[in-house]
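Heads up, the thing below is written out as structure tokens.
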Amino acid sequence: MPMFAYTARDMSGKQVTGTVEANAERDVAALLSEKSLFPVEVKAGTGAPQAIFGRRRVKPQAMAMFYSQLAALLRAGVPMIRSLTVMADQTSNATLNEVIGDIRARVEEGESIGDAMARYPKVFNEMGCNMVRAGTEGGFLEDALDRVGKFTEMQEDLKGRTISAMAYPIFLFSVGSVVLTTLLVFFVPKFDPMFDRLRKKGEMPSATEALLATSTFLQNYGWVVLVAIVVAAFAVRAKIRTESGKDLVDRFKLKIPVLGEILMNLAVARFCRVLGTLLNNGVPILQSLDIAGTAAGNRLLQESVSDATENIRSGESLATPLRASGHFPASVVEMISVGEESNSLDTVLPEIADSLEKVTFRRLDLFVRLLEPVMLLIMALLVLGVVLALIVPVLKSSSQI
């Protein structure tokens, strides 16, 4: 059945937008009339996602607020339709407003809220949809929404802490690169005429010759280098969007000294938190493993989880394949094994995530603190090398005079 996007007004004159399935435009008018809506504009389309996703994406902070506030409204006894109406009215994000409006229309037509949310995978992730479905079926929808909201907020906080930790080292590298390039392009060439006498006598230091050659190359072909960097950046970006490129990036991340282990531990913590949250909300373990493996954010870890899923299907334990993969710390595997034996995985896994995140963030803070002076030292040595390469021939010329 084709999908139609509509703009209508309710009995109070307020504008309402959404989508509806119908055989023809005249059927849309009849469906809207049943909801006490007066159609203003009806457009045929291939579905709501195409109309909605041309606009900006919804930020995780907005999604966390949506889940938490919807849970609070439902817990206070506000009916689902009215709660969705309130959420649509108070959100300032145009995309989320349209999505909520369409979900409300579908729920009014008898569709479950979990299935309606699943129609918008770019707004509601798979974990959130499955937890809402489990909450709807198990009668704990308010708790499920509240947990999804807290989890979304926690994951965004984790991401923000990681980015903020790496911001200063990246800033140092960027500033140092600009300073060094400026020296080579604008400062070093002014010394070239001063060294003609030494060059003619063949007494020019090789380091100075290399420095002047690099400076001359950047002056003449700097634009070529810049274009090559831009082209390479676009090529790398296109490559990492492919399946093989994503595999290469994830493998490369793990091979970075110190940082690779930190990134893997964060992915393991994310996996444990998602899996524990799903199990705690009644989602079956096989489905939970598939979702948690994808949410971990590392394809190597996802492959290990897929192997573990096959073991679970065969009636074996979860801990054994995770230990064999080599990606999970021994302490984590032991706690998972104990959780399986005591049938308390849903409570053990979030505790593992909390513990692993604390330890990993301490290591990340230490790594960043050590990285900052190391980068400063590297930049200082590079600038010192440039200065020495210029001063040595100057001193040699002075001594000859």
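Side notes on the structure shown:
- Each eigenvalue of the Cα gyration tensor of region 214-313, multiplied by 5 and square-rooted, gives one semi-axis; in descending order these are 41, 14, 11 Å.
- Unsatisfied cross-links (Cα-Cα over 29 Å) in the set LYS122/LYS255; LYS122/LYS150; LYS255/LYS358; LYS43/LYS239; LYS35/LYS59; LYS59/LYS255: LYS122/LYS255; LYS43/LYS239; LYS35/LYS59; LYS59/LYS255
- Taking the Cα atoms of the chain, the ratio Rg/Rh between the radius of gyration and the Kirkwood radius comes to 1.14.
- Ratio of Rg to Rh for region 118-229: 1.47 [Cα atoms; Kirkwood radius as inverse mean 1/r over pairs].
- Degrees, to the nearest 10: 80-90 long Cα axis against longest axis of the chain: 40 degrees
- The reciprocal of the average 1/r between distinct C-alpha atoms defines the Kirkwood hydrodynamic radius, which for region 60-124 equals 11.8 Å.
- The phi-based Karplus calculation (6.51 cos²θ - 1.76 cosθ + 1.60; θ = phi - 60°) puts the 3J(HN,Hα) values of region 319-333 at 5, 4, x, 5, 5, 5, 5, x, 8, 9, x, 4, 5, 5, 4 Hz, whole numbers, x for Gly and Pro.
- Every pair of different Cα atoms in region 53-175 enters the Kirkwood calculation, which places the hydrodynamic radius at 15.4 Å.
- Computed from phi, the 3J(HN,Hα) profile of region 269-275 under the Karplus parametrisation 6.51, -1.76, 1.60 (θ = phi - 60°) reads 4, 5, 4, 5, 5, 5, 4 Hz, with x in place of Gly and Pro.
- When only Cα pairs below 8 angstrom with a gap of at least 6 residues are kept, the chain shows a relative contact order of 13 percent.
Only the coordinates and a few stated rules stand behind these numbers; no lab work does. Treat the numbers as computed from the prediction; the structure is a model and nothing was measured.
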